[in-house]
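Chemist: One structure, pasted below without further comment.
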Amino acid sequence: MADKVLMKGNEAIAEAAILAGCKHYFGYPITPQTEIAAYMAKRMPKIGGTFLQAESEIAAINMVYGAASAGMRVMTSSSSPGVSLKSEGISYMAGSDLPGLIVNVQRGGPGLGGIQPSQSDYFQATKGGGHGDYHLIVIAPDSVQEMADYTVKAFDLADKYRMPVMILADGTMGQMMEPVSLDLDIKPAPEKPWATTGTNCERKHNIINSLSLVPEELEKLNFERYEKYAHIQETEVMYEEYMTEDAETIIVAFGIAARVSKNAVAAARKEGIKVGLIRPITLWPFPTEVISKAADKAKRFISVELSMGQMIEDVKLAVNGKAKVELCNRAGGMIPSPEQVLEAIKNGGAE
């Protein structure tokens with residue numbers, strides 16, 4: 001077994017990105033993700049990489065666009081309002097079919113809100129966030145080890161599908177410290193013949209652009225992109241099931257809410273209550289079929305969230321009226337306790 005090191009979630013993301021071949025980071029400090037930028041500022045010069053604290057989040061995401069266009073593995077990170085500022089550039093990356101990693105370590109909102117953990121950027125991440133028809137692959141870790149593991153996975157998926165991928169973590173995941181193995185599943189980055197690396201008259205010019213002024217051509221591009229998205233929905237869904245085999249009540253939760261909910265499930269099982277957990281790891285693509293299949297047997301679902309209720313909409317769509325769907329939540333930087341979730345299991349939450 002590989003040696004483990006004690007790291008914050010933010011640090012684990014940064015080191016995993018470097019191990020995955022990322023040598024270019026552009027960002028801007030904002031709590032609770034600033035440790036990612038600080039870590040990159042120390043490490044990038046030592047590996048011959050580039051760290052640049054941009055003058056703004058808008059500048060940072062456009063630098064990511066430029067480096068991705070040249071075929072580099074590149075990333076940026078921010079927290080909720082900072083990601084809002086990046087949303088135009090993220091849409092440009094999606095429209096130009098560019099791979100890259102965006103990390104959002106969420107804080108409470110709306111507006112400047114607070115610096116405590118939240119999951120209230122679910123809509124922003126999974127429903128687009130910026131303008132136009134596009135998706136991001138959105139991955140939600142629930143441990144510091146997963147912060148590292150899924151950072152590597154995110155780069156692989158971004159390159160495989162030529163699209164931006166987001167790690168969506170709540171502030172707790174970024175700030176907590178746990179032992180981490182850095183013996184990660186690193187694969188060589190693929191060749192990128194489409195990149196703008198200079199021709200030397202050896203090939204035709206590559207053009208990276210999201211502008212298409214002929215509507216028929218833009219429609220064709222959008223339909224082709226959504227064919228790719230449909231393939232991703234069929235092949236890249238990631239989730240965890242916990243004690244669902246005989247469950248009459250199923251909790252759906254991700255991130256820190258899933259960790260809290262597992263404790264509540266264990267406590268409820270000790271009392272003879274048949275309850276289980278489905279943890280979406282990919283928030284997009286969402287494990288719709290898994291939840292739909294579970295709804296054939298379960299009588300009730302509880303969406304546990306650090307928001308006013310966002311993922312619950314996707315849970316309801318997946319359940320499709322086959323079972324009751326309730327919400328157990330905290331907001332504004334508060335985290336549900338295992339006791340609160342257990343109470344919701346016993347007595348029902350708010351619909």
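Chemist: In the range 269-290, how many are farther than 18 Å from Lys322 by Cβ, among the charged types (D, E, K, R) and not in a strand (DSSP E or B)?
Modeler: Residues in the range 269-290 being farther than 18 Å from Lys322 by Cβ, among the charged types (D, E, K, R) and not in a strand (DSSP E or B): 3 in total.
Chemist: To continue, here is another question. Search the range 215-246 for residues being over 25 Å from Asn263 (Cα atoms) and aromatic (Phe, Trp, Tyr), and hand back the single one that is surrounded by the most Cβ atoms within 10 Å (Cβ to Cβ).
Modeler: My answer is Tyr229.
Chemist: Suppose we filter Leu112, Leu182, Leu168, Leu157 for residues that are under 30 Å from Val5 (Cα atoms), touching a residue at least 12 places away in the same chain (Cβ under 8 Å) and more than 15 Å from the chain's Cα centre (by Cα); which single one remains?
Modeler: Going through Leu112, Leu182, Leu168, Leu157 in turn, just one is under 30 Å from Val5 (Cα atoms), touching a residue at least 12 places away in the same chain (Cβ under 8 Å) and more than 15 Å from the chain's Cα centre (by Cα): Leu182.
Chemist: What do you reckon, is Ile256 in contact (Cβ under 8 Å) with a residue 60 or more places away in the chain, touching a strand residue (DSSP E or B) at 6+ places or on another chain (Cβ under 8 Å), closer than 17 Å to Ala298 by Cα and open to solvent by less than 50 Å² (accessible area, probe 1.4 Å)?
Modeler: no
Chemist: Outside any helix (DSSP H, G or I), surrounded by 14 or more Cβ atoms within 10 Å (Cβ to Cβ) and either over 24 Å from the mean Cα position of the chain (by Cα) or not hydrophobic (A, V, I, L, M, F, W, C) (or both), is that true of Ala266?
Modeler: no
Chemist: Any chance you could count how many residues in the range 263-309 are β-branched (Val, Ile, Thr) and within 26 Å of Tyr134 (Cβ to Cβ)?
Modeler: Qualifying residue count, the range 263-309: 5.
Chemist: Can you run down the residue pairs with Cβ atoms below 6 Å, 6 or more apart or on separate chains, where the first is in the range 51-73 and within 20 Å of Gly21 (Cα to Cα) and open to solvent by 60 Å² or more (accessible area, probe 1.4 Å) and the partner is aliphatic (A, V, I, L, M) and modelled with pLDDT of 95 or more?
Modeler: Phe51/Met40; Phe51/Ala41; Phe51/Met44
Chemist: Same structure again: Which of the residues belonging to the range 195-251 are among the small types (Gly, Ala, Ser) and outside the structural domain of Pro280 (by TED's automatic domain parsing)?
Modeler: Listed by number, the residues that qualify are Ala195, Gly198, Ser210, Ser212, Ala230.
Chemist: Considering (1) open to solvent by less than 60 Å² (accessible area, probe 1.4 Å); (2) at pLDDT 95 or above; (3) of a type outside the set (Val, Ile, Thr), say which one Gly349 fails and leave the rest.
Modeler: (2)
Chemist: While we're looking at this one, here's another question. All but one of (1) over 20 Å from the mean Cα position of the chain (by Cα); (2) closer than 22 Å to Gly66 by Cα; (3) open to solvent by 10 Å² or more (accessible area, probe 1.4 Å) hold for Gly130; state the number of the condition that does not hold.
Modeler: Gly130 satisfies every listed condition except (1).
Chemist: Based on what the data block shows, is Asp159 at pLDDT 95 or above, buried (at least 20 other Cβ atoms within 10 Å of the Cβ), not basic (Lys, Arg) and not in a helix (DSSP H, G or I)?
Modeler: It is false that Asp159 is at pLDDT 95 or above, buried (at least 20 other Cβ atoms within 10 Å of the Cβ), not basic (Lys, Arg) and not in a helix (DSSP H, G or I).
Chemist: Let me ask something additional. I want to confirm something. Restricting to the range 11-43 and keeping residues that are of a type outside the set (Gly, Ala, Ser) and assigned to a strand (DSSP E or B), which single residue is surrounded by the fewest Cβ atoms within 10 Å (Cβ to Cβ)?
Modeler: His24
Chemist: Exactly one of these conditions fails for Thr288: (1) under 28 Å from Gly111 (Cβ atoms); (2) surrounded by fewer than 21 Cβ atoms within 10 Å (Cβ to Cβ). Give me its number.
Modeler: Checking Thr288 against (1) under 28 Å from Gly111 (Cβ atoms); (2) surrounded by fewer than 21 Cβ atoms within 10 Å (Cβ to Cβ), the one that fails is (1).
Chemist: Does Lys297 satisfy the condition of being assigned to a helix (DSSP H, G or I), over 20 Å from the mean Cα position of the chain (by Cα) and under 19 Å from Glu248 (Cα atoms)?
Modeler: Here the answer is no, as Lys297 does not meet what is asked.
Chemist: For the range 286-301, state whether one or more residues are in contact with a His (Cβ under 7 Å, 6 or more places away or on another chain) and either under 30 Å from Gly333 (Cβ atoms) or modelled with pLDDT under 95 (or both).
Modeler: Checked the range 286-301: no residue is in contact with a His (Cβ under 7 Å, 6 or more places away or on another chain) and either under 30 Å from Gly333 (Cβ atoms) or modelled with pLDDT under 95 (or both).
Chemist: Go through the residues of the range 191-205 one by one and say whether even a single one is basic (Lys, Arg), closer than 18 Å to Pro280 by Cβ and surrounded by fewer than 17 Cβ atoms within 10 Å (Cβ to Cβ).
Modeler: no
Chemist: All but one of (1) closer than 21 Å to Ala258 by Cα; (2) surrounded by 20 or more Cβ atoms within 10 Å (Cβ to Cβ) hold for Pro179; state the number of the condition that does not hold.
Modeler: With respect to (1) closer than 21 Å to Ala258 by Cα; (2) surrounded by 20 or more Cβ atoms within 10 Å (Cβ to Cβ), Pro179 is out only on (2).
The values are calculated or read from the model by the stated rules, or taken from the named source; none is laboratory data. The shown structure was predicted, so the numbers you read here are calculated from the model rather than taken from an experiment. Ideal geometry is used to build each Cβ from the backbone, glycine not excepted, and the neighbour counts take in all protein chains shown. Ligands, DNA and RNA are stripped out before the accessible areas are found, and what is left, the full protein with its side chains, is counted by its heavy atoms. Shrake-Rupley method; radii C 1.70, N 1.55, O 1.52, S 1.80 Å.
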